[in-house]
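What follows is a short report on a single structure.
The values are calculated or read from the model by the stated rules, or taken from the named source; none is laboratory data. Remember, predicted model here, so these are calculated numbers, not experimental data. Every residue, glycine among them, receives a Cβ derived from its backbone with ideal geometry; neighbour counts consider all protein chains shown.
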Ligand SMILES: Cc1cc2nc3c(=O)[nH]c(=O)nc-3n(C[C@H](O)[C@H](O)[C@H](O)COP(=O)(O)OP(=O)(O)OC[C@H]3O[C@@H](n4cnc5c(N)ncnc54)[C@H](O)[C@@H]3O)c2cc1C
């Protein structure tokens, strides 16, 4: 790790100010991704602005039609939340399936989304449910927020403050764990929303999370989904799974998620 | 049986210390004035070093010194501990292994320079200022590439064809003759996957030099501090034993990877002499992946000749073994004397031939890893036997039974040099089949099929050789050291006892097991016994812990020394009781005289030895302390039967291990709880190898499974509850009758798991799968199977 200046603002406004004052500042949330990256000397921010003291970024509110989760809410808190379990049980289950207890007690929803790891779980829920990402500057629809591998629409000094999830009629997320990392090798989120069926796939795509419209059409038509509509050319190949295997798994996970969400 | 004697399930004495964070590991040790080393490693698999500019690094803040291979050029290379000869009798190719690279780097992670600084961070910062001018060379990352015509040479002229040796055991023509009589020949090609050991504690070393006395001290994460002292002192740094102390304090797991003398140990010790300050180096986990010796990595072909009745007639095995870029301490003996000599297994196969080619590649050195050679032999044999059963239409169990060495055939001379002293393979098989409910399997398979799951059962009946080893035998086979063990029993004046053992515990529970030997023999409570190990200044000598040798060799040395203590104590007791020593009996801590009510206890005798007022000074020295060295007569031969039952989800290829049954013959059991724990750990590693773990290099020699993101370490939820128990015969050539239990779990289980996977897939026509049998591989096998699976 290289030297850096450390800031501990207690409101998101102060955090934003600290970020705009920094030469090459980075937000620190749960640190589950950022700190290992810094230890490996792959990131060398001049300033770290910790959101840990920003209590205005923590918490879960549910009004029956929307669940709003503060950016600094940990995966563990989402998994344990009675409100989330009641409104969108699939989201609580997804959060409970991220990493291990240590990771869930430190890692945050804001950090996960800002990082946009192509194998992360939350992006599938945010895109699958058509959630809105609220930042210090604007509100972004899920479709506009995710921009490819580890890429988002966030500007350098823009901070995610909360995520607003519309409550679906029903939803389910089924994940096939990467055997080693236990991130999603393939994860499929299926939601029955007021706007129709939404299906989001994480772990598989070369550009990160994506919507599977062919599968959405199959489910809407009352068919058992399969992966015939998925373009293998757009999927990842690595030592754990070929694109062909990922394509197959998308079908299996979609079928299981559709069954669980019906 | 006493509460803390032989056979008692005593809770591990050391666990309180470890579980409450009071262990004292190398990284917990800090010396006044300590500095820190960072090792700059090669990013290339194979490159020429044109020059190294260390000026900026040397000038960096907090830096004391920067050394490169040129600075260490006068120092000896890292030695190999076992010479293996080629078929034609010529010695193996043994290219130099400099502690810091000279002229060339040969694997990603090869040591290039060391920075010594006031803090680790400063050392690491300064290392970024070192400019190494490399010319990248084509690399050979896999054995096929290394053997291809015109392949780049890892060691140039020092190892033509990238060959270390081309070795054989047995007479190929004689075995060929058996094949002429065979009704069937069954052949197999398989790979024993390369593994990364991943001890929980990364390697670490602290070098220290005392200007006043001229003594060097090395604290290191080692399974055998005396061996390190010998290798580093005599071969690398030329420091005589009396000026070199090596301490291996608490060590957090080794699994073989901490047997070897590593360059970092020599570097910090040597550099401490230069900078005149203690130097600490602790590996980061990613460094461990790139610098701890890896395990396994064989490619083999084998043919088994069988007669019309299913009796094995002959076996031919052709193996290529990856050595990596340099010869690690025991690398050369693992695929030869710890592998080919095991190819008889538990069977009466009369003729066996093995040919092993050891190959250099641009990868991390490969050496012994839990089981070392025996898992490779067992995997080959037990896959082959199961394949033979399928090919001949025989039952998996029947074919094994038909070929077992019968229980009354011991001592049994195999055609591959070893002579087994004891065993009862039918007994372990029978018990395992009962525990696993082998006969109930068809019903469970049918039930699973109803749930859409493919259920399979697999068996392995195996044997291994441990208790390493009779020195004269291994010496004649090329070992460059003896493999005895030493023990010292110090009885203190009040009757408590300290044992100084040359064995080293890094998780095995010696502090308990060895104390049980003392408790049993001297009739004293286990709490009155301390087991000390790991410091060459306190322990007379030691060859350390590996090859499941600690109890069978180190424990025997302790028993021998205890015997001497009892002899002397009996004489003191005889004097006190005014009896003749021949009439004195010793039992449960009391000396008695037959036919009288005379009695003195052990504590009184101990006190008398140190307060010798009333004492037979004419014939006995005061004090009660004895040494012993023990060199075993033979290897020991644990064996047994492992049965695995799996369910495969045909939709995803995921295998779930439903049952894992292990019935092992480990000889006499001193502490059943510790034995069970050792077997559990071994099974975890065996199942890990079979289903999860794989060390992968790309063609250019980059390690692509270099972290836990990609290297699949087994976790608790990968396993069912194990059924592990013992069914033992006694070792015939040691006093305790013990054989060894540290490796059996990892040796017997991989073929049982793979045989179960193949059994589950057999109806689909799948005949082969390689380790690790990952979901993707199984899915692919199902896709290309001759019989389609029921569609999703
Ligand atoms: C062992 C392990 C296992 C894991 N397994 C999984 C898994 O199975 N599934 C999964 O989805 N994830 C997994 N993760 C990732 C983890 O869940 C975290 O979500 C993730 O690491 C990022 O969250 P964080 O709060 O730790 O963010 P940090 O590491 O602190 O930050 C990550 C990035 O986001 C930026 N950032 C953080 N918060 C904000 C914000 N509010 N606004 C703008 N930018 C911000 C930071 O600047 C940084 O660039 C795992 C991590 C580990 C270490």
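Among the residues of region B:514-526, is any surrounded by fewer than 19 Cβ atoms within 10 Å (Cβ to Cβ) and closer than 19 Å to residue B:588 by Cα?
Yes: region B:514-526 contains one or more residues that are surrounded by fewer than 19 Cβ atoms within 10 Å (Cβ to Cβ) and closer than 19 Å to residue B:588 by Cα.
Which one of these is in contact with a helix residue (DSSP H, G or I) (Cβ under 6 Å, 6 or more places away or on another chain) and surrounded by 24 or more Cβ atoms within 10 Å (Cβ to Cβ): B:300, B:331?
On inspection, the qualifying residue turns out to be B:300.
Would you check if residue B:146 is assigned by TED's automatic domain parsing to the domain that holds residue B:64, crowded, with 21+ Cβ neighbours inside 10 Å and modelled with pLDDT of 95 or more?
In short, no.
In this structure, does residue A:13 turn out to be more than 20 Å from residue A:113 (Cβ to Cβ) and either within 12 Å of the ligand (Cβ to nearest atom) or not assigned by TED's automatic domain parsing to the domain that holds residue A:104 (or both)?
Criteria met by residue A:13.
Tell me the helices (runs of 4 or more DSSP H) entirely within region B:42-148 that contain at least 2 residues that are within 14 Å of another protein chain (Cβ to nearest Cβ).
Answer list for region B:42-148: B:120-127.
To keep it simple, each residue is scored yes or no on (1) without any contact (Cβ under 8 Å) to a residue 60 or more places away in the chain; (2) assigned to a strand (DSSP E or B); (3) within 30 Å of residue B:747 (Cα to Cα); (4) not assigned by TED's automatic domain parsing to the domain that holds residue B:533.
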{"residue": "B:188", "(1), (2), (3), (4)": "no, yes, yes, yes"}
{"residue": "B:234", "(1), (2), (3), (4)": "yes, no, no, yes"}
{"residue": "B:253", "(1), (2), (3), (4)": "no, no, yes, yes"}
{"residue": "B:266", "(1), (2), (3), (4)": "no, no, no, yes"}
{"residue": "B:287", "(1), (2), (3), (4)": "no, no, yes, yes"}
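Can you list the helices (runs of 4 or more DSSP H) lying wholly within region A:50-125 that have 3 or more residues being more than 9 Å from the ligand (Cβ to nearest atom)? Spell out the reasoning first.
Numbers: elements: A:75-80, A:82-87, A:89-96, A:101-106, A:109-115.
Answer list for region A:50-125: A:75-80, A:82-87, A:89-96.
Go through (1) over 24 Å from residue A:104 (Cβ atoms); (2) surrounded by fewer than 18 Cβ atoms within 10 Å (Cβ to Cβ); (3) away from chain B (no Cβ under 14 Å); (4) out of contact with any strand residue (DSSP E or B) (no Cβ under 7 Å at 6 or more places or on another chain) one by one and return the number of the condition residue A:3 breaks.
(3)
Do we find that residue B:695 is in a loop (DSSP other than H, G, I, E, B), in contact with a helix residue (DSSP H, G or I) (Cβ under 6 Å, 6 or more places away or on another chain) and within 14 Å of chain A (Cβ to nearest Cβ) in this structure?
no
Can you tell me which residue is surrounded by the fewest Cβ atoms within 10 Å (Cβ to Cβ) among those in region A:142-172 that are within 21 Å of residue A:76 (Cβ to Cβ) and within 15 Å of the ligand (Cβ to nearest atom)?
A:164
Out of B:358, B:377, B:368, I need the residue that is outside any loop (DSSP other than H, G, I, E, B) and in contact with a strand residue (DSSP E or B) (Cβ under 8 Å, 6 or more places away or on another chain). Which one?
Testing whether each residue is outside any loop (DSSP other than H, G, I, E, B) and in contact with a strand residue (DSSP E or B) (Cβ under 8 Å, 6 or more places away or on another chain) leaves just B:358.
With respect to residue A:26, determine if the residue is modelled with pLDDT of 95 or more, away from chain B (no Cβ under 14 Å) and assigned to a helix (DSSP H, G or I).
Numbers: modelled with pLDDT of 95 or more: yes; away from chain B (no Cβ under 14 Å): yes; assigned to a helix (DSSP H, G or I): no.
Spelling it out, it is not the case that residue A:26 is modelled with pLDDT of 95 or more, away from chain B (no Cβ under 14 Å) and assigned to a helix (DSSP H, G or I).
Could you pull out the residue among B:354, B:389 that is without any contact (Cβ under 8 Å) to a residue 24 or more places away in the chain and touching a helix residue (DSSP H, G or I) at 6+ places or on another chain (Cβ under 6 Å)?
Matching residue, one of B:354, B:389: B:389.
Does residue B:689 satisfy the criteria of being away from chain A (no Cβ under 11 Å) and surrounded by fewer than 23 Cβ atoms within 10 Å (Cβ to Cβ)? Break it down into steps so the answer makes sense when it comes.
Numbers: away from chain A (no Cβ under 11 Å): yes; surrounded by fewer than 23 Cβ atoms within 10 Å (Cβ to Cβ): no.
In short, no.
Would you pick out the residues in region B:706-731 that are within 16 Å of the ligand (Cβ to nearest atom) and part of a loop (DSSP other than H, G, I, E, B)?
B:706, B:707, B:708, B:709, B:710, B:711, B:712, B:713, B:714, B:715, listed by residue number.
For the list (1) under 20 Å from residue B:275 (Cα atoms); (2) in contact (Cβ under 8 Å) with a residue 60 or more places away in the chain, I need the number of the one condition that residue B:70 fails.
(2)
Out of B:594, B:552, report the one residue that is without any contact (Cβ under 8 Å) to a residue 60 or more places away in the chain, over 22 Å from residue B:625 (Cβ atoms) and not assigned by TED's automatic domain parsing to the domain that holds residue B:240.
Answer to the selection: B:594.
Considering region A:21-38 alone, what residues qualify as being more than 9 Å from the ligand (Cβ to nearest atom) and under 17 Å from residue A:115 (Cα atoms)?
Answer for region A:21-38, where residues must be more than 9 Å from the ligand (Cβ to nearest atom) and under 17 Å from residue A:115 (Cα atoms): A:24, A:38.
Among the numbered criteria (1) away from chain A (no Cβ under 14 Å); (2) at pLDDT 95 or above, which single criterion is violated by residue B:780?
Condition (1) is where residue B:780 drops out.
Somewhere in region B:736-759, is a residue within 14 Å of chain A (Cβ to nearest Cβ), farther than 27 Å from residue B:465 by Cβ and assigned to a helix (DSSP H, G or I)? Lay out the reasoning, then the answer.
The initial filter retains those residues of region B:736-759 that are within 14 Å of chain A (Cβ to nearest Cβ), namely none.
Within region B:736-759 (the criterion being within 14 Å of chain A (Cβ to nearest Cβ), farther than 27 Å from residue B:465 by Cβ and assigned to a helix (DSSP H, G or I)), the answer is no, since none of the residues qualifies.
Inside region B:597-633, can you point out the residues that are in contact (Cβ under 8 Å) with a residue 24 or more places away in the chain and closer than 30 Å to residue B:544 by Cα?
Within region B:597-633, B:606, B:624, B:625, B:626, B:627, B:628, B:629, B:630, B:631, B:632, B:633 qualify.
Are there strands (runs of 3 or more DSSP E) fully within region A:147-262 with at least 1 residues that are within 14 Å of chain B (Cβ to nearest Cβ) and in contact with a helix residue (DSSP H, G or I) (Cβ under 6 Å, 6 or more places away or on another chain)? List them.
A:170-177, A:184-193
Does region A:132-141 contain any residue that is crowded, with 24+ Cβ neighbours inside 10 Å and either within 14 Å of chain B (Cβ to nearest Cβ) or away from the ligand (no atom under 16 Å from the Cβ) (or both)?
Checking region A:132-141: not a single residue is crowded, with 24+ Cβ neighbours inside 10 Å and either within 14 Å of chain B (Cβ to nearest Cβ) or away from the ligand (no atom under 16 Å from the Cβ) (or both).
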